Every structure is written in structure tokens, then in C-alpha cells.
Amino acid sequence: MNQDWYKLLPRVRNEQPLVHNITNVVVTSFTANGLLALGASPVMAYAREEVADMARLARAVVLNIGTLDHTVVDAMIIAGKSANQQGVPVIFDPVGVGSTAFRLEMARKILSEVKVSVIRGNAGEIAGLIGKTGMTRGVDALEQEAGNLVETAATCARQYRTIVAMTGKEDILTDGVTHYMVQNGHPMLTKVTGTGCLLSSVLGAFVAVEENHLLAAVSGVASYGVAAELAARKTGEKGPGHFQILFLDQLYRLSEEDLSSLGRIQKL
Amino acid sequence: MNQDWYKLLPRVRNEQPLVHNITNVVVTSFTANGLLALGASPVMAYAREEVADMARLARAVVLNIGTLDHTVVDAMIIAGKSANQQGVPVIFDPVGVGSTAFRLEMARKILSEVKVSVIRGNAGEIAGLIGKTGMTRGVDALEQEAGNLVETAATCARQYRTIVAMTGKEDILTDGVTHYMVQNGHPMLTKVTGTGCLLSSVLGAFVAVEENHLLAAVSGVASYGVAAELAARKTGEKGPGHFQILFLDQLYRLSEEDLSSLGRIQKL
Amino acid sequence: MNQDWYKLLPRVRNEQPLVHNITNVVVTSFTANGLLALGASPVMAYAREEVADMARLARAVVLNIGTLDHTVVDAMIIAGKSANQQGVPVIFDPVGVGSTAFRLEMARKILSEVKVSVIRGNAGEIAGLIGKTGMTRGVDALEQEAGNLVETAATCARQYRTIVAMTGKEDILTDGVTHYMVQNGHPMLTKVTGTGCLLSSVLGAFVAVEENHLLAAVSGVASYGVAAELAARKTGEKGPGHFQILFLDQLYRLSEEDLSSLGRIQKL
């Protein structure tokens, strides 16, 4: 990966891309605050009557099925198709897709009707999308062998013709052919709800400013991981309450120097 | 403005008015926490079957269209009419009204069926309500000339026979005839989601305790701005995560002395 | 109460029970963060098509009517029946049940169709469930005489054949026959939204790991109260913004020693 990866964050801050989120009811506030801290402009809109308009105004659309129902899935498809028509990139977060049959059915429906630029999920969710079984425990979990992870992510990327950002202890980014591993991040992220969902929205901000979506995804994931490491360092012994706050602060304060010195990205 | 303006906050704390919010899914928690910190009693209720009852119990009703759909708009109209029948003041926050045709249509529908005491919005939203075009970028944005701002706010106030609280770098408060400018606040407010929405709900708490709604709106806006300034001072270099927390603390700790020494209100 | 009560928290952390919450839109994020901090695994799912599946995967189901409507009540009943069939304990939080006729009707409907293991509410809510009138002001409020409180809680427990956790200045835990009082907690809890709702979900995590549900409820309520006391001590003069954060930290850091030294439980 060339050095361009840490030039994207300043572009996000400079361009302040409008990111239209149709997301779950748990993470709305944290997602909006995270995007604001990063320097992007969040908007949430759900009504079928307006999501096509909002998606057109946006520079990225993020679809997250964390607390889906039929109504919101309909809105996602309308928004996603509108984005596709306008060339606005779409990020898809298949939260908990392995946990119920309904989620898998709805995720596949969305992916069959909307062309997505990036799918962001944990290993269990990405495996679920390609029909690999594997219990999803809560919305996180399922660790697999490292080699399997790359193969699973790449298969998903090829099947849906998209970038896959499979996040976990290590993060795998792939377009199905070229693969990267990012080794930033911190376990404290698993103690705050919505950190995966916010990352999906952050990827929306990054793909909004960079046409090379694989570069954008790698950069977004690494930048996010570095912010988490710095926040964890400041959190020390305090706990997840403080980590959540310090992480938002860190997204706001993250510098190119932080990224260049702490980013751990490798091509596989 | 006479000195009464900074006597309203103690009355809010003393009377703990119940404020019924029908608001968007992003800001529910922050709104409830902000009202609690201030000393008011928040309640959220959305079901058509109960909003008339809840509005009757409340001392103010706040309607916020940030993530509207037809169902919630119906509930808003039922709650608003119930409030009108009981003499309970209604605050209206036309979030993002310029961004989609659906929002404008729904906002006008609500305003045609419910008599509102205060409309709180940014310049773009207030302009949108009176048919002035102007792109809304996200839910904030659109800065205009100062003179235009007052004229826009006053026109809106006269058209809907209400108080308008147009907030931005400077805040304009007007009943269409008498205008005030408040110069408190801090840019960090734009880095935390829902600060405008919470202000609308705070205005609900202020109009609940003071029949002169223009005075109540001026007082609420100025008190809120002073709290933001004090919180920003404590935040220093930390970032929006800490600001959010310190702002809630400050709403809780704000004193009459803070208000009298820091409030910057002028009659125009 | 034997010393087992403070052995339950380590079991929660060890077993990380999946707690399925169908809760109100105000407290979703705080509830998920609180459960994560405690060591449990939260999931929120609402769609009628999937709640039976999700309830089956969970080790406790929490139903909270804070922002109910017909759709969500239907989902609660489906989830609750699924839980009943699988022997998964159900916690019920009748938020604001005294404030509108609709809430009372829906609460009774849920209780007539779903067998619940624990009902957690304030005095006004528990009184409301057994037909005692008493204005609910906001979602908190209504203090009664101490003797009446125990009688009210026990009557409710017998009527619905459940454990009742009636929380307030003192907390009453009863199965209708055996009663405990817990005197932990802190008034600052009333300045943060969703602390009652989170407690209901925390009770879900405790009943998930302990078949004696009265013991689990006592332990959960006391552990929660001790965490609040420790957080309030660290908050000092700061305010509810910091308290909220410090409380999450404290749920994460709470030790058996904290519980054994600070827990104030008595059999009545």
C-alpha cells in the first residue's frame, strides 16, 4: 500500500461528505457523533417517501440491518437503487446475518437488488453471506483460522463483486483478488456497542472521497484502528465508559503523523 | 430584555415540567439526558393510541421531524391537537426541512393542523418553511447574511403566528415584530449530534414555566449557549466526546450568576 | 441472604449470557453498553419474523414498553412465547404503565400471554399493574409509604406469579412470600435516562446464570446499586454527564470485594 492511505483522512475533513445512514436503532447517536468527530456530515433518513432524494444528495449511503424489519428493508432498497443510479457508493453492514433466517433472507434480498461498493462485517457475518454456517453469538464472535478468513472474505467479494472489509482481531480487506491485512485496533472496541456499525459508516466517508474503494476501505479501517489504539492508551484502567468518549475525541484529533507512525497494513 | 430572563432556569428546576417529546431516533437519549440534567422531566411516547393522553399530562410537547415517517407524523398531529385543546404549548423542530420534498410537505401539514408556540431551526430550515430555497447540507449548514436572517425569521414567525428561534452562529428570536439576538454558544455544538434537537426540547421546558413565550425562548437559547461556552472552556483540547459529557454536566450546574455574567442578549 | 449473592457477577462475566432486548428507542445504546460493560452479550431484535429465533438463541429476554406501539407489542409476545417454550427467562419492564390507558392495556396483554420471571419497575408502575391508581409523573416518581411498598410488590408478585423488583430509594425484591430490601444505589441514577431500563436488562443477565431468580434479582439490584455508589463517589461535583460514563466504567470494574463490603441487603 502506498502512502496515499493516510492522505484520505484530511480529504474527509476537507470535503465533509454527506453520509446517508439507514442503520439500526441502537447505534444512531454513536454513528452520527463518530462521523461528526471524524469530520464527515451524517444524516439519517428512513421514510420510503424521502430516502431516494436523500441518497441522491449524499456522497455515500450506508445500509445496516442491525434492527431490520420489512419497512426498513424496503427503504434500504429504494435508497440503494437511487444511489446506484447516481453513482453514489453504497456500504452494506450485514449485522448478525447468521443469527436468524430472516436476516439472511433480507441481506440477500438487499444484495440482489442493490450494487454495493463495500460489505463490512465480522467473520461470522461474511461467512454467513456466502452460505457458510457458523453460529453468530450476539453480533460479534466467531473466530476462524487466519487462512480461512482471507478465503472467506475473497469468496464473498467475488460473489457480490464488491470490496469486503472483514474486521476482527486482524482485519482483512479484499476485492477478491488483492488482499490486505490491517493489524490496528484494540479489544476495548468490543466493549462499546456500535463500534463495528460506526466503522461501516466511516468507510462510507472514505469511499466518498476516494474512487479506489479498496484503498479507501484499507485507509478507513486502519485510521479507525489507530484511533482506537490511541484512545485505549488514554483510557488506561478506566473502562469502556471513558473509552467511548476518548475514542470520539481521538477520531476528531487523529493526525497524519499518528497514521503514518502507527498504521500496520500489509499486502497479503 | 429585562433581568427576568435568567430567573427562568431556577423555575424549570423547581417545577420540573414534564416535556413530551416525539423526536427522531438519533437524539432520543441525548435529549432525555439533557432535559434531566437541566432539571426537567422528559417523556417519549409515539403510539397513536396514547399520545393524546401523554400530551395532556405534559406541560410542553416537542415535535421533531428528524427521522419522520407517515406513522410518526400522524402521532405528532394527534399529540399536537391534544396539546392545543389543553393549552399545552407545542415546540416544532423542522429538522432538515429543505433537504427533501417529503419533509417540507409533512412540516407544512403539521403546521397547518397544529398551532405551535415556537419553531426552532437553523437558517436553512426556517427559510425552507417560508418557501425560500436554499440547499440544506446534512441537517445543519446554510449561513446567510445577518440582515436576511432577521427578515427570514420574522417572516416565518408572522406566517405561522409563532415565535421563531433561528439558531446558528448568532441566534435570532422573534415573534415577527420584536426581535432579539443572542450571541452565546460555541462551534463545538456542531460536533455533537442532536444539540439543536435538544435545544428545541429545552425550549419546551422554558415555555412550560413562562407564559411570555418570546422571553422563554430568549432565555432558553441564551442559557443553553452559556452552558456550551462553559463546557467548551473545560473541554479545552480534548474533543467532542468530552464536550458532550461536559455539556450535560454544565446544564446541571449552570447558575444564575453564570447567566447574568455571560449572557449576551440584545434587542434588535 | 447468603454470600452467594456476590458470586453471581463473576458468573455473568464468565458465561457472557446473550440477552435479547426488545426495548424502547431512548435507551437502546445505553442498555447495550451497560450489558457489555457488565460482561454480558446484548442483542436487540424487533422484527416479528425473527424475534422467536432470537429469543431461542438467548439466555434471557427483556421486554420494555417505554416507547411501545402495537407492532412492538406483537413482537414482544412472539418473543416471550418463544422464550417460554424454551425455558428462557423473561424480564418485563412496565415503563410508565400508569401514565396512559394504552400502556396499562398493553402491559396486561403481555402479562396474560407471556410468563415472566421478573417484573422490574418503580413503585408507581408496580402499583399500576395491580390496579392501584397513582399518577406516574414522567417515568419515575410516586413515592409511597415503606410498608405499602412491600405489600404492593408482594401483591403484584402473587398476582402474576413472578418475582417483583420494585426499585426506588429502597429496592424491594419479593416472590410474594419472601421479601428482601436492598439499600444500595444513588440519587444520581435519576439524572441519567435509562438507568431503570438498563437495570431490567442487567437482571436478565443475572437470571440467565442463576436458576434461583429471587437470588438473581437481589444480586443484580444490589450489584447495580453498589456500582452506582462507587460511580457517584468518583463523580463528585461533576454532574450527570460524567456520572453516566463513570457508571459504565464501574460496571466493568466492579469486584466481589466491592460487593461484599458495600452491599446492603436485608431479609424483611
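What is the Cα convex hull volume of region C:5-267 when expressed per residue in Å³?
Roughly 105 Å³ of hull volume per residue.
Kirkwood Rh over Cα pairs of the protein assembly as shown into Stokes-Einstein at 25 °C, 0.890 mPa s: D in µm²/s? Numbers along the way, then the final one.
On the way: Rh = 26.4 Å.
Taking Rh from Cα pairs, D becomes 93 µm²/s.
Excluding residues fewer than 8 places away in the same chain, name every one of the aspartates and glutamates whose C-alpha is closer than 18 Å to that of A:Lys7.
Partners within reach: A:Glu15, A:Glu210, A:Glu211, A:Glu256, A:Glu257, A:Asp258.
Only Cα pairs within less than 10 Å get springs; with that Gaussian network setup on chain A, which residue of A:Gly236, A:Gly87, A:Gly204 has the largest fluctuation?
Largest GNM mean-square fluctuation: A:Gly236.
In Å and from the alpha-carbon atoms only, list the Rg and Dmax of region A:1-142.
15.3, 43
Starting from a label point 7 Å past Cα on the Cβ side, list the distances from A:Gly87 to the same position in the other copies, nm, shortest first.
Ordered by increasing distance: 6.1, 6.1 nm.
Compare B:Thr167, B:Thr190, B:Thr23 in a GNM of chain B, Cα atoms joined below 10 Å, and give the one with the largest fluctuation.
B:Thr190
Tabulate in residue order the Karplus-calculated ³J(HN,Hα) for region B:76-89, using 6.51 cos²θ - 1.76 cosθ + 1.60 with θ = phi - 60°, rounded to whole Hz; enter x for Gly and Pro.
Once rounded to whole Hz, the list reads 4, 5, 4, 5, x, 5, 4, 4, 4, 4, 8, x, 7, x.
Run the helix sum for the protein assembly as shown: -39,500 (n - 2.57) per DSSP H stretch of 4+ residues, divided by residue count, reported at 222 nm to the nearest 500 deg cm²/dmol.
Computed mean residue ellipticity for the protein assembly as shown: -16000 deg cm²/dmol.
Which distances in nm, rounded to one decimal and ordered from shortest, link the label point of A:Arg158 to the equivalent label points in the other identical copies, with labels set 7 Å from Cα toward Cβ?
Label-point distances to the other copies, shortest first: 7.0, 7.0 nm.
Using Cα springs under 10 Å in a Gaussian network model of chain B, which residue among B:Asn184, B:Asn64, B:Asn148 shows the largest mean-square fluctuation?
B:Asn148
If the cut-off is 26 Å between C-alpha atoms, which lysines fall inside it for C:Lys109, apart from same-chain ones fewer than 8 positions away?
Cα-Cα hits under 26 Å: C:Lys81, C:Lys132.
Label-to-label distances across copies for A:Asp74, with labels 7 Å out along Cα→Cβ, in nm, shortest first?
When each copy's label point is compared with this one, the spacings are 1.3, 1.3 nm.
I'd like the interface area for chains C and B: accessible area of each alone minus the complex, both sides summed, 1.4 Å probe, protein heavy atoms only. What is it in Å² to the nearest 100?
2300 Å²
Counting only C-alpha contacts under 8 Å and six or more residues apart, can you give the relative contact order of chain A as a whole percent? Walk me through the intermediate numbers first.
Working: 552 pairs, mean separation 54.9, N = 268.
Over chain A, the number comes to 20 percent.
Tell me which residues come under 5 Å, amide H to amide H, from C:Asn21 once H is placed; ignore anything under 5 positions away on its chain.
Amide H neighbours of C:Asn21: C:Val43, C:Met44, C:Ala45, C:Val62.
The values are calculated or read from the model by the stated rules, or taken from the named source; none is laboratory data. Here the structure is a predicted model, which is why all the values come from computation and not from measurement. Every residue, glycine as well, gets a Cβ built from its backbone with ideal geometry; the counts of neighbours run over all protein chains shown. To get the accessible areas, we keep the full protein, side chains included, count just its heavy atoms, and leave off ligands, DNA and RNA. Shrake-Rupley method; radii C 1.70, N 1.55, O 1.52, S 1.80 Å.
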